[in-house]
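The values are calculated or read from the model by the stated rules, or taken from the named source; none is laboratory data. From a predicted model like this one, the values you see are computed outputs, not experimental measurements. Neighbour counts are summed over all protein chains in view; Cβ atoms, including those assigned to glycine, are modelled from backbone coordinates with ideal geometry. For accessibility, only protein heavy atoms count, side chains too; no ligands or nucleic acids. Shrake-Rupley method; radii C 1.70, N 1.55, O 1.52, S 1.80 Å.
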Amino acid sequence: LAGRALAGHNQAVAAASRIVFVVYNRIQALDLTGPWEVLGASPADYVERVRIERARTLLEDGAEGLEQVASRCGFRSAEVMRRAFQRRLRTSPSEYRERFQLALA
């Protein structure tokens, strides 16, 4: 069951990536000054934001290890996820989980 859930999530992330790519290319074809104003971010930024949001949800649940969370969210490793968290949230996934669980206590 976990394998199917992971495959379903990976398919959803891939579908979102394809949509962003198509939108990005269509915007560029319109010869606008830049697609970033419309998308609000590059396709890579968008995908990273989606992955981080999914990781946050899984970390809040607290049932899975960091490697498994990273894998389920499309990160190549827990280290890549940690760097993305540092860049976007100014905290590590471990610290995020710990703070969230303390807030619930």
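Report whether or not GLU60 is at pLDDT below 95 and assigned to a helix (DSSP H, G or I).
For GLU60, the condition - at pLDDT below 95 and assigned to a helix (DSSP H, G or I) - is met.
Listed residues LEU32, LEU6; which is assigned to a loop (DSSP other than H, G, I, E, B) and either at pLDDT below 75 or open to solvent by 70 Å² or more (accessible area, probe 1.4 Å) (or both)?
From the options LEU32, LEU6, the qualifying one is LEU32.
Yes/no matrix, rows are residues, columns are (1) modelled with pLDDT under 90; (2) of a type in the set (S, T, N, Q); (3) not in a helix (DSSP H, G or I):
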{"position": "ALA44", "(1), (2), (3)": "yes, no, no"}
{"position": "ARG51", "(1), (2), (3)": "no, no, no"}
{"position": "ARG56", "(1), (2), (3)": "no, no, no"}
{"position": "ALA70", "(1), (2), (3)": "no, no, no"}
{"position": "ARG76", "(1), (2), (3)": "no, no, yes"}
{"position": "VAL80", "(1), (2), (3)": "no, no, no"}
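Counting only residues that are among the hydrophobic types (A, V, I, L, M, F, W, C) and touching a residue at least 40 places away in the same chain (Cβ under 8 Å), how many does segment 53-105 have?
The total comes to 3.
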